[in-house]
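The values are calculated or read from the model by the stated rules, or taken from the named source; none is laboratory data. Just so it is clear, the model here is predicted, and its values are computed rather than measured. Here the Cβ positions follow ideal geometry from the backbone for every residue, glycine too, while neighbour counts run over all protein chains shown.
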Amino acid sequence: MAKNIKLIVYPVKDLEAAKTLFGKFLGVEPYVDGPYYVGYKQGDLEVGLDPNGQAVIGYVETADIKSDLQALVDAGATVQQEPKDVGGGLLIAQVKDANGNVLGLRQLQK
């Protein structure tokens, strides 16, 4: 079964300038506006800005982050970040493919 990308995170050097630009680009105000992350909702898609980010990362939602992480490793990826709670019970993990692209998984714990 295909999974849709639900979150795209852009690395930014100047968070305030990026907020101005992405606010105009997306036509909405951020629903999360903090010093370490700014997030915008566009229907089912979230667009995030990360001042500490190193790459554009697309995240898919999963019901079992550990199992899906292992499946990606079995398919040739290397773990970039083990599952980590980033607040509110949201787990994220990242893998890197052979080309250096970073792919993300996220799971909301119940």
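May I ask you to verify whether residue 68 is out of contact with any helix residue (DSSP H, G or I) (no Cβ under 8 Å at 6 or more places or on another chain) and surrounded by fewer than 13 Cβ atoms within 10 Å (Cβ to Cβ)? So residue 68 does not fit the description; no. The combined condition, being out of contact with any strand residue (DSSP E or B) (no Cβ under 8 Å at 6 or more places or on another chain) and in the same structural domain as residue 6 (by TED's automatic domain parsing), is not fulfilled by residue 70. Tell me, yes or no, whether segment 85-93 has at least one residue that is of a type in the set (Asp, Glu), farther than 20 Å from residue 3 by Cβ, assigned to a strand (DSSP E or B) and outside the structural domain of residue 11 (by TED's automatic domain parsing). Yes: segment 85-93 contains one or more residues that are of a type in the set (Asp, Glu), farther than 20 Å from residue 3 by Cβ, assigned to a strand (DSSP E or B) and outside the structural domain of residue 11 (by TED's automatic domain parsing).
Note on segment 5-52: residues that are among the acidic types (Asp, Glu), free of Cβ contacts under 8 Å to residues at least 40 places away in the same chain and not in a loop (DSSP other than H, G, I, E, B) amount to 2.
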